[in-house]
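The values are calculated or read from the model by the stated rules, or taken from the named source; none is laboratory data. Since the structure is predicted, the reported quantities are computational estimates derived from the model, not experimental observations. Backbone-built Cβ (ideal geometry, glycine too); neighbour counts: all protein chains shown. Each accessible area value is taken on the protein alone, full model and side chains, heavy atoms only, with ligands, DNA and RNA left out. Shrake-Rupley method; radii C 1.70, N 1.55, O 1.52, S 1.80 Å.
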Amino acid sequence: MTESGNHVQLRERVADAIRRMIAEGRLRGGTWIRQDPLARELGTSFTPVREALKQLEAEGLVEHIPYRGVRVVEFTMEDLLDIYTMRIDLEGLAAATSATRITPIEITQLRTLHEQMTALSGRESLPEVRQLNQRFHLGIVEASGRKYLIRTMRAIWTWFPTMLWSQYLPMESDPPDREQKDNAEHQGILAALAHNDPANAERLMKEHIDRSRQTLMEFL
């Protein structure tokens, strides 16, 4: 690998490590990131940490405050409501479009993710369920083939669940009964996609996300 390739790989490893710290709640919303101690903890120099933080700033996970430093982004409840509103509209549109063009291979991939989620239960499985859920939702978005919609939703899913779970929901916590409801609603969305039914796919996706929003607000 070239020197440039090694440099990029190191930056990505550092960025991944910081993402995990945020997702696990070790770096919570509003926390100031001290770059020198962080570099020592990760066993690297200052430069890849600085570059990784620039990358994470572009992703919306951290923010640079002039003359003060870098801190983890802190979302308000109003921010969460705005994000859910965007998801309802954009993922509803993605589901409708995907229903008109999704392939049998993509349906099989989504069904596999759904089956993997339904096979899991209990607090210890929550991190894996959340990863599978993200892949399921993004899989539907990507099946739409709409590049700017895909790009936007990838960006939202990069920081939204990470910040939500680390700031408001511990990794071992989830609203009560969410698992069973999510599985049933995912099954309905899958059926609409498999039957190439854009109206139902859009309606069910919007209802699914709106129900998650309402459940979360009540839980918090």
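Suppose we filter 190, 164, 169 for residues that are at pLDDT 95 or above and touching a helix residue (DSSP H, G or I) at 6+ places or on another chain (Cβ under 9 Å); which single one remains? None of the other options fit; the residue is 190. Just to be sure, is residue 105 crowded, with 16+ Cβ neighbours inside 10 Å and in a helix (DSSP H, G or I)? Taking the combined requirement at face value, the residue does not satisfy it. Among 120, 138, which is the only one that is in a loop (DSSP other than H, G, I, E, B), more than 13 Å from residue 187 (Cα to Cα), of a type in the set (A, V, I, L, M) and open to solvent by 20 Å² or more (accessible area, probe 1.4 Å)? Result of the check over 120, 138: 120. Summed over segment 141-153, the residues that are assigned to a helix (DSSP H, G or I) and closer than 17 Å to residue 205 by Cβ give a count of 7. The C-beta contact set for segment 83-106 (first residue closer than 15 Å to residue 198 by Cβ, second residue outside any helix (DSSP H, G or I) and open to solvent by less than 20 Å² (accessible area, probe 1.4 Å), distance under 7 angstrom, 6+ apart or interchain) comprises 94/144; 97/144; 98/144.
Residues of segment 186-207 that are open to solvent by 50 Å² or more (accessible area, probe 1.4 Å), in a helix (DSSP H, G or I) and not aliphatic (A, V, I, L, M): 187, 200, 202, 203, 206, 207.
Restrict the check to segment 3-24 and report whether at least one residue is under 30 Å from residue 206 (Cβ atoms), open to solvent by 30 Å² or more (accessible area, probe 1.4 Å) and hydrophobic (A, V, I, L, M, F, W, C). First the steps, then the outcome.
Just the residues of segment 3-24 that are under 30 Å from residue 206 (Cβ atoms), to begin with: 19, 22-23.
From what is left, the residues that are open to solvent by 30 Å² or more (accessible area, probe 1.4 Å) are 19.
Applying the additional criterion that residues be hydrophobic (A, V, I, L, M, F, W, C) yields none.
No: zero hits.
Could you tell me whether residue 87 is open to solvent by 20 Å² or more (accessible area, probe 1.4 Å), charged (D, E, K, R) and on the phi < 0 side of the Ramachandran plot? Criteria not met by residue 87. Among the conditions (1) surrounded by 14 or more Cβ atoms within 10 Å (Cβ to Cβ); (2) more than 15 Å from the chain's Cα centre (by Cα); (3) outside any helix (DSSP H, G or I), residue 75 misses just one, which is (2).
Scanning segment 35-72 for residues that are modelled with pLDDT of 90 or more and either part of a loop (DSSP other than H, G, I, E, B) or over 20 Å from the mean Cα position of the chain (by Cα) (or both) yields a total of 24.
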